[in-house]
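Everything on this sheet refers to the single structure shown next.
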Amino acid sequence: MSHSMFEVRVAAIEEVAPMIREFCFEPVQGSLPSFSPGSHILVEMPARPRPYRNAYSLLSDPRDARHYRIAVRLQERSRGGSRFMHEQVQCGDNLRISAPANLFAPYWPAKKHLLIAGGVGITPFLSFLPEFVRRQQNFELHYLFRSQQTGAYRDSLRQGLGQALHLYDSSQGQRCDLHALLARQSPGTHVYICGPQSLIDTVTFLAQELGWPRSCVHFETFTAAQPGQAFSVELARSGQTLAVEPEESLLEALEGAGVDLPNLCRGGVCGQCVTRVLEGAVEHRDAFLSAEEKSRQDCIMPCVSRAQGHHLKLDL
Amino acid sequence: MRIAPKAIQTFRDDFTYSNSPGAIARFPFPFPEDEYRYSVNIEPHLTPGPEGSVYEHLFDIDEHYLSEMAERNLVLQENPKRCLAMPHMDLACWDMIERVMVAFATDYPEYFALTREGNHWIWENKLLNQRDEFTFGDSSTLPLPPMEYIGRQVQGDFALLDQREGDLFMDAGIVTCPADWSLAFDAGMSFSEWHGPVPLAHEMGVFDRALKYLVAIPVGRPVRRLNWTLTINARMDTSPETYPAWGMDRASVTPDNVGEKVYLRVELQVLDRMPRSNALMFSIRTYLISMQDLVTRPDWAKRLHRVMKTLPPELVEYKGLSRFHPTLVQWLAQFDPAN
Amino acid sequence: MSAMAMIKSRPIYAQPRRDERAKMHLFVHQGTIDARLDALYQALAESERALCCLASTEERSLLESELARLPLASALYVAGEEAFLWDVRNLARQQGWVDEQIHLAPPLQGQRRVFCTHCYSLMEGVRFSPVICTGCARPLLVRDHFSRLHGAYVGVQINVEDPADLPEEEPLT
């Protein structure tokens, strides 16, 4: 929710891979809230005509909340957020961020944690690792990247993890045999995947083929809203009608018109922005509503979902 | 004006507990309508709330502080298992210590002080005449296990709910003034399991909706709700454990003693995300008011009559009101002009 | 009793079917083999099944080694008294198994483990309510509120509000 956003100062910017920049935030006043491994924050970028708000995993050690650190990969098909972070944000700038929320916590009762990261998907695991070491957890990190673009933090990971780290640089033709990796695990192993959708799909498919219980497979599902067709939205209570452009989400269009909805993930996972639909068919793109709730066509997650046709009427 | 803690009164035996006029004025009367209905009545616990109200601060300290801490000590002496924390909840207990101490020192500086130099903390509780130095996060540096240590300094029951698999689990708590539930039995239960005995609400989908909401609560955005029941005498410890000591009180209500015997028991429940552990802190702050004090507010007396009269029989049974409910409704009727 | 039927913590059991996801199937029985589970066991190839017969979970080291030996893609089927089912389930979870892999067969009806809410004693094989607590000698009403951790139903003194109100023993379901 916008009222809980607060200001931080950009204390440092570092290029940690050819396409990835790390941003270090420090508090403008007081101190930053502590956080748990797997937490993310929303970062608001003061772009025009409307601000961007993207979710980024915190990658620093959760026991050290003096700073927050995030890493942003420049997306080729950026809707503007990652480009803004790379090109506009300077050291010493102030940005507004949300308090941390966690939708990707480690499953602590696991006997072993198997982490599979693809590219910038390494970031949430960077907050897992120090806590795993402190709690003497059994874990392995398998890190798939393309050194011409990604592959950040390899040196520090090598120093900190030793045998538990496995690197696969596809720019050098190195491949990870995911099937063999999953096939050799014992009971009590949980796998965590963060990276491109294709990696998530591959690992979940293999896990199913191999007979893994579903609940031993964890992945970070939220991704930024994808563009779609333009449509109009009518707000029943205020009588307003808004146009939603192809490149903006319904949530962003509502915020642009001064309608603030609660939201945490802006990626169809947390369920905070759920809104009642009075008219029109919804193209559901979220991971929150059940299939049954989706089929009723009476609510929408405006952060990612859109109209199927040209029109929606919302109870707002 | 905040009410300063007063000398120790009792919640058992001679029941010397009483509410000052100031405490009556700030009592959290829980009924917004004439008819009681289940709902997911959760709202943001935005602080500071109205000055002097029970919602002003994250944790409400009032005139009963010393009495409630003395009562908690009696309960724990009789049965130390009224407080428990599973080993994996240690970090969550420390989250709670930080939340309570920082809030107390900020909101009630006349009574509490906290000095932090890195992990070296100095804590002063002037109400309990206590001063402790410890290393934050190191349970061996505290005089008691962390949950009991902090729980003995704050009014209300506490549970720390571990969050995993999209559910919440009752894995730690200090519960010495419950409305008839047992932490020892409910330990380790999921959200839907520990609400198992609650009638009607499951069918209405109340718990499914509430759970989805609760697992998404972020750091620094606590929420609250009120719950209520009726208690005979000003007894804080209405637990199943001690039911043999208080159950017969329910048969002691007569038309002549309703005003002094029957108490409205209101729980201010707050749910707050613990930052390091991702656990959810569930605080249950209990307020008791006698019928005779309650009816000094004509609007409350009239409303309570209507709520009691329309209460579904399942709830009368579940809340344990059957033996005295008709007597109470009849007594309250005198305050409702519609009768 | 309608008020009791509503208690949602009481487990609902279904006759296990073959877990289609699993590659290995472990059967744990208390004493003699349950006929319906035996049919499931017999239908599996020898290479994909394992059997463990226990009198009680006292023999836990045998079970623990089986649970640790099997591959991640395994299913567990348990038959026996209700308390035994949950003891085995809790043991498997300690070994890292998840509920999705664990299939509990409908237990014999009418036998419960009871947790006395006053003295925390556990009583095995309780068939009637009220039952006299072996720890504190109070007559306990056995309720349907169930703890998976204890594998037990809660018992609460029945005649507190009226000492004369001691109903006839009724068989538990």
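With n ≥ 4 as the cut-off for DSSP H runs, can you work out [θ] at 222 nm for chain B, using -39500 (n - 2.57) per run divided by the number of residues, rounded to the nearest 500?
On the way: 13 runs with 100 residues, N = 339.
Mean residue ellipticity, 222 nm, calculated: -8000 deg cm²/dmol.
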Reachable lysines from B:K126, Cα under 28 Å, same-chain residues fewer than 8 places away excluded?
-> B:K6, B:K81
Gaussian network model of chain A, Cα within-10 Å springs - most flexible of A:Q163, A:Q226, A:Q137 = A:Q163
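What is the sum of charges, Lys and Arg at +1 and Asp and Glu at -1, for the other residues whose Cβ falls under 10 Å from the Cβ of A:Y107?
Working: positive: B:R164; negative: B:E165.
Result for the local shell: 0.
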Relative to the first principal axis of the alpha-carbon coordinates of chain C, what is the inclination of helix C:82-94, with its axis defined by its Cα atoms, in degrees from 0 to 90 and to the nearest 10?
-> 50 degrees
Per DSSP H run of at least 4 residues, take -39500 (n - 2.57); add these up for chain C, divide by its residues and hand me the 222 nm value, nearest 500 deg cm²/dmol.
-> -5500 deg cm²/dmol
Partner chain coverage, peptide A:124-131 - average Cβ within 10 angstrom | 0
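Taking a probe of 1.4 Å and counting only protein heavy atoms, give the total accessible area buried between chains C and B in Å², rounded to the nearest 100.
2200 Å²
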Applying 1/(1 + (r/R0)^6) with R0 = 41 Å to the Cβ-Cβ distance of A:E279 and A:D93, what FRET efficiency is obtained, to the nearest 0.05?
-> 0.45
Averaged per residue, what accessible area in Å² does region A:214-301 show with a 1.4 Å probe, protein chains only?
-> 45 Å²
Quick one: which bits of region C:72-89 get at least 40 Å² less accessible when the partner protein chains are in, versus the chain alone, with a 1.4 Å probe?
-> C:L72
Per residue in region B:123-167, which ones lose no less than 30 Å² of accessible surface when going from chain alone to all protein chains (1.4 Å probe)?
-> B:R164, B:E165
So how exposed is A:S171, as accessible area in Å² (1.4 Å probe, rounded to 10)?
-> 40 Å²
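When the accessible area of region A:231-314 is split by element with a 1.4 Å probe, what percent falls to carbon and sulfur? Mind dumping the intermediate values first?
Working: 1640 of 3450 Å².
Carbon and sulfur atoms account for 47 percent of the accessible area of region A:231-314.
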Have a look at the DSSP beta bridges in the protein assembly as shown and tell me what percent are antiparallel, nearest 5.
-> 70 percent
Karplus-derived 3J(HN,Hα), 6.51/-1.76/1.60, for each residue of region C:164-169, Hz, glycine and proline x = 7, 8, 10, x, 4, 4
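With a 1.4 Å probe and all protein chains left in place, how much of the accessible area of chain B comes from carbon and sulfur atoms, in whole percent?
Numbers: 6790 of 13000 Å².
The computed percentage sits at 52.
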Residues whose built amide H sits under 5 Å from the amide H of A:L278, excluding neighbours closer than 5 in sequence, are A:K313, A:L314, A:D315
Among the residues of region C:103-118, which ones have their accessible area go down by 20 Å² or more when all the protein chains sit together, as opposed to their chain alone (1.4 Å probe)?
-> C:F115, C:T117, C:H118
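Interface A/C, total buried accessible area with a 1.4 Å probe, nearest 100 Å²? Intermediate values should be presented prior to the final figure.
On the way: alone 14910 and 9880 Å², together 23460 Å².
Interface area, both chains combined: 1300 Å², rounded to the nearest 100.
Let me have the relative contact order for chain B, percent, based on Cα pairs under 8 Å that are six or more residues apart. Before the final figure, lay out each step's value.
On the way: 571 pairs, mean separation 67.4, N = 339.
Rounded, it is 20 percent for chain B.
Using the heavy atoms of the protein chains and a 1.4 angstrom probe, tell me the accessible area per residue for region B:248-339 in square angstrom.
38 Å²
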Accessible area (Å², per residue) of region B:94-164, counting only protein heavy atoms and a probe of 1.4 Å | 39 Å²
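Ordering B:E35, B:E124 by how much accessible area each has at a 1.4 Å probe, largest first, what is the list? Walk me through the intermediate numbers first.
On the way: B:E35 105, B:E124 70 Å².
Descending accessible area places them as B:E35, B:E124.
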With each pseudo-label sitting 7 Å past Cα toward Cβ, what's the A:Q229-A:R296 distance in nm, one decimal?
-> 2.6 nm
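Relative contact order for region B:175-311: what percent, with Cα pairs under 8 Å and sequence separation of 6 or more? Write down the numbers at each step before the final one.
Details: 161 pairs, mean separation 33.4, N = 137.
In percent, rounded to a whole number, it is 24.
Share of region C:32-173's accessible area from carbon and sulfur, percent, 1.4 Å?
Working: 3150 of 6290 Å².
With neighbouring chains kept in place, the figure for region C:32-173 is 50 percent.
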Might you work out the accessible area of A:K111 for me, using a 1.4 Å probe with all protein chains in place, and round it to the nearest 10 Å²?
-> 100 Å²
Over 32 Å between alpha carbons, listed pairs A:K111/C:K8; A:K313/B:K319; A:K112/A:K294; A:K294/B:K309; A:K111/C:K23; A:K294/C:K8 | A:K313/B:K319; A:K112/A:K294; A:K294/B:K309
When the solvent-accessible surface of protein heavy atoms is calculated with a 1.4 angstrom probe, in what order do B:V253, C:V28 fall, highest first?
-> B:V253, C:V28
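Taking a probe of 1.4 Å and counting only protein heavy atoms, give the total accessible area buried between chains B and A in Å², rounded to the nearest 100. Write down the numbers at each step before the final one.
Values: alone 14870 and 14910 Å², together 28260 Å².
The contact between A and B buries close to 1500 Å².
Relative contact order of region A:231-314, please, whole-number percent, based on alpha carbon pairs below 8 angstrom and at least 6 residues apart. Intermediate values should be presented prior to the final figure.
Values: 156 pairs, mean separation 31.3, N = 84.
Relative contact order, region A:231-314: 37 percent.
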How much accessible surface area, in Å² rounded to 10, belongs to the heavy atoms of B:Y287 with a 1.4 Å probe?
-> 20 Å²
Could you order B:R26, C:R112 so the one with the most accessible surface comes first? Probe is 1.4 Å.
-> B:R26, C:R112
What's the average, rounded to a whole number, of partner chain beta-carbon atoms within 10 Å of each residue's beta-carbon in C:145-153?
-> 5
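Within 10 Å of each Cβ in B:187-198, how many Cβ atoms from other chains are there, averaged over the peptide?
Values: counts 3, 5, 6, 2, 0, 2, 10, 3, 2, 11, 10, 3.
Other-chain Cβ atoms within 10 Å of each residue's Cβ, averaged: 5.
Using R₀ = 60 Å, calculate the FRET efficiency as 1/(1 + (r/R₀)^6) where r is the Cβ-Cβ separation of B:E78 and A:S156; round to 0.05.
The computed FRET efficiency comes out at 0.65.
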Once the Cα atoms of the protein assembly as shown are picked out, what are the Rg and Dmax in Å?
-> 28.7, 89
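The values are calculated or read from the model by the stated rules, or taken from the named source; none is laboratory data. In this text, all values refer to a predicted model and were calculated from it rather than measured experimentally. Heads up, the Cβs are rebuilt from the backbone with ideal geometry, glycines too, and the neighbour counts pull from every protein chain shown. For the accessible areas, the whole protein counts, side chains as well, though only heavy atoms, and no ligand, DNA or RNA atoms are used. Shrake-Rupley method; radii C 1.70, N 1.55, O 1.52, S 1.80 Å.
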